[in-house]
């Protein structure tokens with residue numbers, strides 16, 4: 001069985017290659033995922049999210065570092081995704097801290113933390129800059145992300 005650090009390394013190496021199948025192979029079937037854009041996703045929803053993001057990625061690059069094993073289950077790492085946001089054509093550099101819980105060689109919980117307001121300023125331009133920190137704008141971003149994910153899943 002792979003160590004937790006090896007699983008995390010395999011997950012992000014697959015992500016660098018936009019290999020959503022490789023990423024999803026690192027997840028348990030009942031994965032629980034959350035981030036500021038999509039909110040809480042479970043199981044297949046989380047796996048479809050990575051497929052959608054990988055398939056839609058433009059000018060994409062990813063780096064990861066600082067894998068830290070906190071104990072036998074919990075780990076963190078930092079990763080940075082650079083890409084062109086397809087809806088606006090704007091360049092985004094998103095710096096993220098991942099928190100993961102692993103069991104039996106699989107990621108069972110994954111939470112990504114980043115300031116949604118900073119992402120909004122890059123992805124949406126002046127509207128994101130002015131309003132990205134406001135609750136209604138954050139909810140609108142989450143609603144749009146969820147709507148896009150549902151449409152992607154229904155198209156399968």
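Quick look at the values:
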{"item": "Length-normalised contact order for the stretch 64-156 - Cα pairs under 8 Å, 6+ apart - percent", "result": "17 percent"}
{"item": "Bridge type composition, the stretch 4-115 - antiparallel percent by DSSP, nearest 5", "result": "90 percent"}
{"item": "Relative contact order computed over the chain (Cα-Cα under 8 Å; 6+ residues apart), in percent", "result": "22 percent"}
{"item": "Folded to 0 to 90 degrees: helix 44-56 orientation relative to the chain principal axis, Cα", "result": "60 degrees"}
{"item": "Contact order relative to length of the stretch 37-118, as percent, for alpha carbon pairs under 8 angstrom and 6 or more apart", "result": "20 percent"}
{"item": "Folded to 0 to 90 degrees: helix 135-154 orientation relative to the chain principal axis, Cα", "result": "60 degrees"}
{"item": "Peptides ranked, highest mean first, by Cβ atoms within 10 Å: ranges 65-77, 26-38", "result": "26-38, 65-77"}
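Where a number appears in this text, it was derived from the coordinates with a stated rule and is not lab data. As the structure is a prediction and not an experimental result, all values here were calculated from the model. Glycine gets a Cβ as well: all are built from the backbone with ideal geometry, and neighbour counts include every protein chain shown.
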